[in-house]
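The structure under discussion appears below in the form of structure tokens.
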């Protein structure tokens, strides 16, 4: 799917925020938080949404009739409606006494419900942006935007295909699906809306930061001629590992990158490999330092192509200066 065009357009749309002021009391009390979002979207933009909250995370579902064009790019009309929903959610969430840390907007085209767009934002990031504490460019990097096939749709269709081939009775199919295959998501990548049901989890800051590091790496490969000249990014994944028994109960960020060299020379070039690690290190530093996050022991970076891996201890990351520090001065390299 054409994530490049999609991401650029949607980031442009979602940055059209306005400042909201609040009085002494909450404009939207927590008892009416969800219905306030629904009412505002309907009253001001004639948009019907559904809202569900889990812990300190709120999700908003938006069905559209023209989400994507024939090239699988976001249509201007859909971008405008998504932006309007985000504006209303921002307005309510910053003027309520309900305590939420993250909000997630989910949109799909009712003609092809398997494909969905998921946007995740940190409420604190929104506040900091509106107060001028972070720049517009930085704010654009701090939201997670993904267009994908709904994980629940993929799982359900695969299982139903097996059921049909086994000639299992329909009533038993539904029971098995409900009991075993329609469980709540455990990762951000599993979140979505499918068949009239929200699949969301209570997002925590550690998984959000890990996903943001991976997201920034993907965006940079798309935009950087220097990176693209020698490497083709296949995937980037970020995970926050807690109490790893194999590493003395350590807590750390693990960043896995699969980047394929464009030439034979690049494949055997240590400088190209070092450049990939240096960039992943800089991106990790930018995110962790930008959020002032300290609850980790080290950052682990793995290259899935050449088998190299490295660790950067928290104290070394704290002292890291992009463009002024050689990677060998902070990275501890080892093999898989």
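The values are calculated or read from the model by the stated rules, or taken from the named source; none is laboratory data. Predicted model, so just to flag it, every value in this text is computed and none were measured. Reconstructed Cβ throughout: ideal geometry from the backbone, glycine too, with neighbour counts over all protein chains shown.
Every residue, every condition in (1) crowded, with 19+ Cβ neighbours inside 10 Å; (2) over 29 Å from residue 135 (Cα atoms); (3) not assigned by TED's automatic domain parsing to the domain that holds residue 121, yes or no:
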residue	(1), (2), (3)
225	no, no, yes
233	no, no, yes
244	no, yes, yes
276	yes, no, yes
289	no, no, yes
296	yes, no, yes
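Residue 114 meets each of the listed conditions (1) modelled with pLDDT under 90; (2) outside any strand (DSSP E or B); (3) touching a helix residue (DSSP H, G or I) at 6+ places or on another chain (Cβ under 6 Å) apart from (2).
Scanning the range 50-74 for residues that are surrounded by fewer than 20 Cβ atoms within 10 Å (Cβ to Cβ), more than 13 Å from residue 112 (Cβ to Cβ) and touching a strand residue (DSSP E or B) at 6+ places or on another chain (Cβ under 9 Å) yields 50, 51, 52, 53, 54, 56. Of the residues making up the range 115-127, those that are within 20 Å of residue 58 (Cα to Cα) and buried (at least 17 other Cβ atoms within 10 Å of the Cβ) are 116, 117, 118, 119, 120, 121, 122, 123, 125, 126. Scanning the range 90-111 for residues that are part of a loop (DSSP other than H, G, I, E, B), under 25 Å from residue 69 (Cβ atoms) and in contact with a strand residue (DSSP E or B) (Cβ under 6 Å, 6 or more places away or on another chain) yields one hit, 110. Within the range 174-191, restricting attention to residues that are touching a helix residue (DSSP H, G or I) at 6+ places or on another chain (Cβ under 6 Å) and closer than 18 Å to residue 103 by Cα, the residue that is modelled with the highest pLDDT is 188.
Residue-by-condition table, conditions (1) more than 20 Å from the chain's Cα centre (by Cα); (2) assigned by TED's automatic domain parsing to the domain that holds residue 224; (3) at pLDDT 85 or above:
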{"residue": "12", "(1), (2), (3)": "no, no, no"}
{"residue": "15", "(1), (2), (3)": "no, no, no"}
{"residue": "31", "(1), (2), (3)": "yes, no, yes"}
{"residue": "52", "(1), (2), (3)": "no, no, yes"}
{"residue": "69", "(1), (2), (3)": "yes, no, yes"}
